[in-house]
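**Student:** A single structure is presented below for examination.
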Amino acid sequence: MSRVVVLNVLRKPLLPFFQSRVPGGFPSPAEDHVGAKLDLNALLLPHPHATYLVKVEGHSMTGGDSGIRDGALLAVDCRLTPQHNDVIIAVVEGQHTVKRLLKRQDTWWLVPDNPTFPSIPLTGEPDLYDCWGVVTYVLTETRPGKLSRHVRVG
């Protein structure tokens with residue numbers, strides 16, 4: 001299982017937000033359209049008392065549609081009711097993990113994006129597993145080292 005570490009969140013100033021989109025394909029002419037300030041706290045943490053950030057350690061979600069890699073920060077909302085295909089933070093037999101929640105026939109499963117890791121059926125005693133929230137955003141760094149220098153774990 002991946003290890004999940006809950007982090008404290010500090011409130012910071014608003015950031016400038018460019019309303020024009022940046023193409024992921026061919027470059028386009030630059031546009032000088034700076035919009036309003038973007039409040040990342042309001043975007044990532046819409047329910048501040050029920051939303052938290054976690055740092056992921058492990059590779060069970062690497063390689064899939066979720067975009068979750070080792071070292072990623074996840075915004076997790078506890079007020080959302082988990083649904084089929086949501087990525088959630090789960091506690092299974094006392095161990096935290098991040099997995100995709102899927103319903104197959106009449107059984108719920110915790111499924112990793114990485115096919116080399118096993119899926120976990122949610123059968124048996126209901127007190128052996130719990131959902132700690134739905135992952136709403138994934139933040140990963142593109143320049144290794146910055147995140148780990150500013151987000152201390154342990």
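**Student:** For the stretch 46-67, which positions are surrounded by 19 or more Cβ atoms within 10 Å (Cβ to Cβ) and more than 14 Å from Pro112 (Cβ to Cβ)?
**Tutor:** Thr51, Tyr52, Val54, Lys55
**Student:** Same structure again: Would you tally the residues in the stretch 123-151 being modelled with pLDDT under 90 and surrounded by 10 or more Cβ atoms within 10 Å (Cβ to Cβ)? Break it down into steps so the answer makes sense when it comes.
**Tutor:** At the first step, the residues of the stretch 123-151 found to be modelled with pLDDT under 90 are 123-130, 139-151.
Among the residues that remain, those that are also surrounded by 10 or more Cβ atoms within 10 Å (Cβ to Cβ) are: 123, 128-130, 139-141, 146-148, 151.
Adding up the residues that qualify gives 11.
The values are calculated or read from the model by the stated rules, or taken from the named source; none is laboratory data. Here the structure is a predicted model, which is why all the values come from computation and not from measurement. Ideal geometry is used to build each Cβ from the backbone, glycine not excepted, and the neighbour counts take in all protein chains shown.
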